[in-house]
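The values are calculated or read from the model by the stated rules, or taken from the named source; none is laboratory data. Since this is a predicted model, take the numbers as computed values, not measurements. Reconstructed Cβ throughout: ideal geometry from the backbone, glycine too, with neighbour counts over all protein chains shown. Areas reflect the complete protein model, heavy atoms only, side chains present, ligands, DNA and RNA absent. Shrake-Rupley method; radii C 1.70, N 1.55, O 1.52, S 1.80 Å.
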Amino acid sequence: MNYITLPSSLEDFHNYKTEIVTTASNRELYLLHGQLKGNEKDSLCPNCGRKMHIHDRCEATLRHLCFGDKLSCLRFTKLRYYCPHCGHSHMQEVPFQAKGHRINCELLNYTRDLLAYGLTNKQVAYLTGLGRNTVKDIDLQRLKDKYTVDGERLIQPERQARYLGIDEFKLHDGHKYAVIIIDMVTGHILWLAHGKKKVSVYSFIEHVGEDWMDGVEAVACDMNSDFQEAFEDRCPHIQTVFDYFHIVKNFNDKVVGQIRKDEQRRLIAEGDEKAAKSLKGSRYILTSSKQTLARKDPEAEDGKILSKGSSLFSKEQVVRKDGHLARYEDLIRQNKLLFTLDLIKEKLCEAYKMTDEPSMADAITEIMDMCMATGNKHLLWFSRLLDNHFEGIIAHATYDISAGKIEGINHKIKTLRRQGYGYPDDDYFFLKLFDASRKGYVRNPVAEKIPQDL
Ligand SMILES: [Zn+2]
C-alpha cells in the first residue's frame, strides 16, 4: 500500500505524496509530503489588523497515527508572517497540531485513549511509536485534565464520604513520606500530599470544606500517628477508629518479628542451632492465621493442583504441599511464647468481628491481660498500645470499617512502583495513584495480553 487516506480532521493538509523511509530505530515510516492550506486570518496582524508579509518559510514534521506496524509523518511548509506596520511577527497556525507536541491531534487522542484504557506507558510507546517521555507528558496532561482544576488543585470528592481512612507511605528515597486520605467505602483516594504531619490533615479539611467534613462520621488510622489529634483539633465530631489492618501490622512487625528474633538469639546462645534454624523462615507460618493454614492442608490431601502439568513442555504438575499445620503446631509446641502470640492473634481477629462495643471491650481487655501475664517486653508494649488507644479500638464495633480498602491502596502503590511510575516525578506518581484508586484494578486483563518487554 503506497497510498494513505487521511481523516477529515486533517483536511487542511492536502496535495500529499507518500514516500516510505526507514527510521533510525529500524521501523518503516510513511512520510507524507503535502501542503498546509492557508487561512485568511493568518496574514492579518492581530495588533493593528493590517495585512502582513510572508517573512520566512520553514519545514515542519508532525507524527501521525501508525498504519499496521508502520509509523507515519506529515511534512509541510509553514510560513512566518511579519507586519511592516507595527513589527509584530508570528508563525502560521497549524489547526491539526497537538499543542506543545510535534504530533497531530489524531495521534494525541489515540494515545490518550490507550492510556485511559489502562495500557502501560511502555506498551503505549510501542503502539504509537512515540518516545517514553512524550507518552509520559501526554499521560500527565490527561490525568491533570481529569483530576485537577487548572492543573493546580485536586478535584473535590465526587461524593460525600461517611468514613475516611488516612495513612502514610514512604516515597522512593525512603526518607520522605506522603499522606493519603481515602473514602473507606469506595476506596477512592481523595487527598495526597507530601509530608506526614498534621498539616496534611488541615489542608485536606480546607480543600473539602467544613460542610463536607460535617458529613464524615469516622476516620480510620494507625495508632502511631498524630492524625488523630489533627482531626480532633478541627472536627471533634469525627470518631477515630483504629482499624484491623494497622493493629495486625503493628502486632506482626513490632511483636511477632521482635520476639522471633529474640528467641532465635536465645536458642543460638543455648547451642540449639537446629531449633534456631526452624524458626528462621517461619514468619509466614507465624503471621498467617491458623484457619488459613488449616484450610490449605485438606487441599493438599485432595491433591489440589496449583499449576497444571504439560506433556508438550515436559512440565510437571505442582500440587499443594502437605504439613503447613503440622509445622505450625511444632513451632508452637517448641515455644510457649509463640503459643501466646498465636492465641492473641486469634483473639484480635475475633474481637474485630464484634459489632457491639461492650463485648469488644471485654475481648480487648482479655488480650491485654494475656500480654501482661507473659511479662515479655514486646507484649507489654503492645498491651500499653491497646490501653492508650482503647476507645478508638472498640469504636470499630460501631463503625463498619473494613481493612480491605487500605490494603488495596498499599497494593496499588507497590504495583505502580513495579511498573516504574514511582520515580522521579511525584506529581505524576500521585496522579497515577489517584487514577488507579478509581479503577477496580491497576492491571488491565486485556492490556496484559500485550507483552510488557517490547
Ligand atoms: Zn501590525
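Which pairs do you get when a residue that is farther than 20 Å from Ile54 by Cβ, found in segment 28-40, comes within reach of a residue that is open to solvent by less than 80 Å² (accessible area, probe 1.4 Å) and part of a loop (DSSP other than H, G, I, E, B), reach meaning Cβ atoms under 7 angstrom, with the pair 6+ apart or on two chains?
Leu29/Thr23; Tyr30/Ile4; Leu32/Ile4
Can you tell me which residues in segment 25-57 are away from the ligand (no atom under 16 Å from the Cβ), open to solvent by less than 80 Å² (accessible area, probe 1.4 Å) and in a loop (DSSP other than H, G, I, E, B)?
Arg27, Gly38
Tell me, which strands (runs of 3 or more DSSP E) lie completely within segment 78-185 with 2 or more residues that are closer than 30 Å to Lys249 by Cβ?
Result: 163-170, 177-183.
From the set of residues in segment 375-404 that are of a type in the set (Gly, Ala, Ser) and assigned to a loop (DSSP other than H, G, I, E, B), which is farthest from Glu263 (Cα to Cα)? Reasoning before the result, please.
Taking segment 375-404 first, the residues of a type in the set (Gly, Ala, Ser) are 375, 383, 392, 395, 397, 402-404.
After this cut, where a residue has to be assigned to a loop (DSSP other than H, G, I, E, B) as well, the list is 375, 402-403.
Details: Gly375: 15, Ser402: 33, Ala403: 30 Å.
By that ranking, first place goes to Ser402.
Please state which of the following conditions Glu329 fails to meet, knowing it meets all the rest: (1) surrounded by fewer than 19 Cβ atoms within 10 Å (Cβ to Cβ); (2) at pLDDT 90 or above.
Of everything listed in (1) surrounded by fewer than 19 Cβ atoms within 10 Å (Cβ to Cβ); (2) at pLDDT 90 or above, Glu329 misses just condition (2).
Quick check, is Ser72 away from the ligand (no atom under 14 Å from the Cβ) and of a type in the set (Ser, Thr, Tyr)? Let's see the steps before the verdict.
On the way: away from the ligand (no atom under 14 Å from the Cβ): yes; of a type in the set (Ser, Thr, Tyr): yes.
So Ser72 passes the test.
Within segment 102-127, take every residue that is within 22 Å of Asp12 (Cβ to Cβ) and open to solvent by less than 40 Å² (accessible area, probe 1.4 Å) and give me the one that is nearest to the ligand (Cβ to nearest atom). Talk me through it step by step, then tell me what you get.
Step one: filter segment 102-127 for residues within 22 Å of Asp12 (Cβ to Cβ), giving 102-112.
Those left that are additionally open to solvent by less than 40 Å² (accessible area, probe 1.4 Å): 103-104, 107-108, 111.
Working: Ile103: 32, Asn104: 30, Leu107: 35, Leu108: 32, Thr111: 38 Å.
Ranking the qualifying residues of segment 102-127, first place goes to Asn104.
Check Asn109, Asn121, Asn104, Asn47 and return the single one that is polar (S, T, N, Q) and more than 34 Å from the chain's Cα centre (by Cα). Please lay out each step first, then the result.
On the way: Asn109 fails: more than 34 Å from the chain's Cα centre (by Cα); Asn121 fails: more than 34 Å from the chain's Cα centre (by Cα); Asn104 fails: more than 34 Å from the chain's Cα centre (by Cα).
Asn47 is the lone residue from the list that is polar (S, T, N, Q) and more than 34 Å from the chain's Cα centre (by Cα).
Conditions: (1) open to solvent by less than 50 Å² (accessible area, probe 1.4 Å); (2) more than 25 Å from Tyr352 (Cβ to Cβ); (3) in a helix (DSSP H, G or I). Val256 meets all but one. Number of the miss?
For Val256, the exception is condition (2).
State all residues of segment 239-253 that are surrounded by 14 or more Cβ atoms within 10 Å (Cβ to Cβ) and part of a helix (DSSP H, G or I); if no residue qualifies, say none. Write out each step before concluding.
Here is the first cut: in segment 239-253, the ones surrounded by 14 or more Cβ atoms within 10 Å (Cβ to Cβ) are 239-252.
Selection gives Tyr244, Phe245, His246, Ile247, Val248, Lys249, Asn250, Phe251, Asn252.
Take the residues of segment 362-421 that are in contact with a Leu (Cβ under 7 Å, 6 or more places away or on another chain) and over 28 Å from Tyr177 (Cα atoms): which is most open to solvent (accessible area, probe 1.4 Å)? Before you say what the answer is, go through the steps one by one.
Restricting attention to segment 362-421, the residues satisfying the condition of being in contact with a Leu (Cβ under 7 Å, 6 or more places away or on another chain) are 364, 367-368, 370-372, 374, 376, 393, 412-413, 416.
With the extra rule that they be over 28 Å from Tyr177 (Cα atoms), the set shrinks to 364, 367-368, 370-372, 374, 376.
Details: Ile364: 0, Ile367: 0, Met368: 20, Met370: 36, Cys371: 0, Met372: 99, Thr374: 46, Asn376: 28 Å².
My answer is Met372.
So Ile238 fits all but one of (1) of a type in the set (A, V, I, L, M); (2) more than 18 Å from Ile393 (Cα to Cα); (3) touching an Asp or Glu at 6+ places or on another chain (Cβ under 9 Å); what number is the exception?
(2)
Condition (residue is modelled with pLDDT under 95, more than 16 Å from the ligand (Cβ to nearest atom) and of a type in the set (A, V, I, L, M)) applied to segment 80-93: is it met by at least one residue?
So far as segment 80-93 goes, no, none of its residues is modelled with pLDDT under 95, more than 16 Å from the ligand (Cβ to nearest atom) and of a type in the set (A, V, I, L, M).
Looking at this structure, is Glu407 in a helix (DSSP H, G or I) and modelled with pLDDT under 55?
no
Scan segment 78-99 for residues that are over 12 Å from Asp12 (Cα atoms), touching an Asp or Glu at 6+ places or on another chain (Cβ under 6 Å) and open to solvent by 50 Å² or more (accessible area, probe 1.4 Å) and jot them down.
The answer is Arg80, and nothing else.
Out of all the residues in segment 128-156, which are open to solvent by less than 40 Å² (accessible area, probe 1.4 Å) and touching a Phe, Trp or Tyr at 6+ places or on another chain (Cβ under 8 Å)?
Once the filter is applied, which keeps residues that are open to solvent by less than 40 Å² (accessible area, probe 1.4 Å) and touching a Phe, Trp or Tyr at 6+ places or on another chain (Cβ under 8 Å), segment 128-156 yields Thr128, Asp139, Leu140, Leu143, Tyr147, Leu154, Ile155.
Of the conditions (1) closer than 30 Å to Ser437 by Cα; (2) crowded, with 19+ Cβ neighbours inside 10 Å, Ser72 satisfies every one except a single condition; which number is it?
So the condition that Ser72 fails would be (1).
Working only within segment 208-224, note down all residues that are at negative phi and open to solvent by less than 30 Å² (accessible area, probe 1.4 Å).
Our first condition is that a residue be at negative phi; within segment 208-224, this holds for 208, 210-224.
Those that are at negative phi and open to solvent by less than 30 Å² (accessible area, probe 1.4 Å): Val208, Met213, Gly215, Val216, Ala218, Val219, Ala220, Cys221, Met223.
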